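See below for the structure under consideration.
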Amino acid sequence: MKSLLSIFDIKDEVLEILGLAKDFKEKKIQGKPLEDKNLAMIFQKSSTRTRVSFEVGMNQLGGNALFLSNDDIQMGRGEPISDTAKVLSRYVDGIMIRAIEHADVVELVEEADIPIISGLTNLEHPCQVLTDMLTVHENFGNFNGKFSYVGDGNNVCNSLLLICACLGMDIAVGCPKGYEPNKEIIKKANKIAEKNNSYVIITDDVKVAVKHASVVYTDVWVSMGDEKDQNKRKKDFKKYQVNEELMNLADKDAIFMHCLPAIRGEEVSGEVIDGPHSVVIDQAENRLHTQKAVLYYFLK
């Protein structure tokens, strides 16, 4: 039984899952392949795209999705994760969890008898970056270009490092000192990239990161849970806004990506996110097709 906590868990299956996502988007997979299947969706953190894409996706595949917030289950009142995992394993066919701590999802996987899909943790966001790479392939037909990530070396950045390395796509991360991606993930990404003849660059020089990039990607400066540091973060990231001046350093046909929600005027200017280079709405739509691929792959 396989679960999805990290892109590293599916490092050899990324292309297969992206192929399924493409097939779902093009309606090549018909019928209700997950008929009578039930998915428990645990949300320790709120979400728009994750909830809607998984719930609608499960519906379209013929299954049923159960939304469970911390107020809806006993885990939010102190029940051990192991008990929740064992009980839900008797009721449903899979669990998708949008968690605060990565360690909680690790424990859930260890204790459950059904597949677990990470909808986000403080360490990674694997479903998001599968979506991102579907969008990249739609725009370029390959993964031959340079992927540039600008800003906080957060969970999205960690997963992007791994998936770019798996696909042999060069990636450069431009972030302030002290906000670098996870060190262990950088090591894993470098090891995979070396095998695939691609490179990983971590730099505090945003211009170096973006120069000649095919893709320029950013995320909010203040994620959920970081609000207490928002003033410091806004100051530290001030020079890392993706604006027209920065986009001009990328390839002329470069695309701009953002996992949303975005704050115009902070991590990205309105001219960029609402401009001709932006594919953020296509990217958001692709969450649905990719979630369907992930559900199909892990629950069928």
Scan segment 227-277 residue by residue and report those that are assigned to a loop (DSSP other than H, G, I, E, B) and hydrophobic (A, V, I, L, M, F, W, C).
Phe237, Leu249, Ala250, Ala254, Cys259, Leu260, Ala262, Ile263
Within segment 17-28, is there a residue that is among the aromatic types (Phe, Trp, Tyr), at pLDDT 95 or above and either closer than 30 Å to Asn196 by Cα or touching a helix residue (DSSP H, G or I) at 6+ places or on another chain (Cβ under 7 Å) (or both)?
yes
Search result, residues across segment 224-238 that are in contact (Cβ under 8 Å) with a residue 60 or more places away in the chain and surrounded by fewer than 17 Cβ atoms within 10 Å (Cβ to Cβ):
Met224, Gly225
Flag if Tyr149 is in a strand (DSSP E or B) and over 16 Å from Ile42 (Cβ atoms):
yes
Go through (1) of a type in the set (S, T, N, Q); (2) touching a residue at least 40 places away in the same chain (Cβ under 8 Å); (3) under 28 Å from Met41 (Cα atoms) for Asn139 and report which single condition fails.
(3)
Set Lys27, Lys2: member being outside the structural domain of Gln291 (by TED's automatic domain parsing) and either aromatic (Phe, Trp, Tyr) or exposed (fewer than 14 other Cβ atoms within 10 Å of the Cβ) (or both)
Lys2
Residues located in segment 5-24, provided they are outside any helix (DSSP H, G or I), among the acidic types (Asp, Glu) and surrounded by 12 or more Cβ atoms within 10 Å (Cβ to Cβ)
Glu13
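Rundown of residues vs (1) over 19 Å from the mean Cα position of the chain (by Cα); (2) crowded, with 21+ Cβ neighbours inside 10 Å; (3) part of a helix (DSSP H, G or I); (4) not assigned by TED's automatic domain parsing to the domain that holds Gly225, yes/no style:
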position: Ser46; (1), (2), (3), (4): no, no, no, yes
position: Glu55; (1), (2), (3), (4): no, no, yes, yes
position: Asp71; (1), (2), (3), (4): yes, no, no, yes
position: Val87; (1), (2), (3), (4): yes, no, yes, yes
position: Met96; (1), (2), (3), (4): no, yes, no, yes
position: Asp104; (1), (2), (3), (4): no, no, yes, yes
Scanning segment 43-90 for residues that are β-branched (Val, Ile, Thr) and in contact with a strand residue (DSSP E or B) (Cβ under 9 Å, 6 or more places away or on another chain), which turns out modelled with the lowest pLDDT?
Ile73
The listed residue being among the β-branched types (Val, Ile, Thr), touching a residue at least 24 places away in the same chain (Cβ under 8 Å) and over 30 Å from Ile186 (Cβ atoms), out of Ile73, Ile7
Ile73
Looking only at segment 166-201, count every residue that is in contact (Cβ under 8 Å) with a residue 40 or more places away in the chain and part of a loop (DSSP other than H, G, I, E, B) and tell me the total.
6
Flagged in segment 242-300 as among the aliphatic types (A, V, I, L, M) and without any contact (Cβ under 8 Å) to a residue 12 or more places away in the chain, in numbering order, are Ile281
Whichever residue in segment 151-203 is over 18 Å from the mean Cα position of the chain (by Cα) and among the polar types (S, T, N, Q) and, among such residues, is surrounded by the fewest Cβ atoms within 10 Å (Cβ to Cβ):
Asn197
Can Val129 be described as touching a strand residue (DSSP E or B) at 6+ places or on another chain (Cβ under 7 Å) and either closer than 23 Å to Tyr297 by Cα or not charged (D, E, K, R) (or both)?
no
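The values are calculated or read from the model by the stated rules, or taken from the named source; none is laboratory data. Small disclaimer: the values here were computed from a predicted structure and weren't measured. A quick note on method: Cβ atoms are made from the backbone with ideal geometry, for glycine too, and the neighbour counts reach across all protein chains shown.
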